[in-house]
Structure formats: C-alpha cells, structure tokens
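> One structure is given below, represented as structure tokens, and several questions about it will come after.
No lab work stands behind these numbers, since they all come straight from the coordinates. If you're wondering where the values come from, they're calculated on a predicted model, not measured in any experiment.
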Amino acid sequence: MASVAADNSDVGKRLDLFLSERLDITRSAAVKLIEAGKVLVDGKAVAKNAKLTAGDEVEVEVPEPIPME
C-alpha cells in the first residue's frame, strides 16, 4: 500500500483530484479506487469529494497492472 501525505498546497483539494495529481492517473481511475475501498485517509474510508487538510495521510492500494499479450 502506497502512502502519501497531504501538504499545505493540498488544503481544500478534493481527494480524487489529489490522487490523480500525485499518482499520475485519471480522476475517473482515482474515483474507482476510492469507491472500491482501496483509499484511506488517516485510516478511514472517505468519499471521493472529501476535502484534504495539511498532514492527512492518504493510503492507496494500487492494483497490479494487467499484462498485455
């Protein structure tokens, strides 16, 4: 599980936007991770539109990529 801390520049930012910027994924991919329960903020599941505060610890369980044949 990857862990990323929100800093002062992230205050008030939506969780899905934060994840898309930090993990270099689309917002829709971030929403799917959140809705699947793969994202925790300070150890708790939250909504995709949750606003971050400085020091929030965001944990993400990123699934393994599916190999292309």
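> Could you check region 10-45 and list, in sequence order, the residues that are over 10 Å from the mean Cα position of the chain (by Cα) and more than 18 Å from residue 63 (Cα to Cα)?
10, 11, 12, 13, 42, 43, 44
> Which of the residues that make up region 2-30 are farther than 15 Å from residue 53 by Cα and of a type outside the set (A, V, I, L, M, F, W, C)? Steps first, answer last, please.
Here is the first cut: in region 2-30, the ones farther than 15 Å from residue 53 by Cα are 2-3, 20-30.
Those that are farther than 15 Å from residue 53 by Cα and of a type outside the set (A, V, I, L, M, F, W, C): 3, 20, 21, 22, 24, 26, 27, 28.
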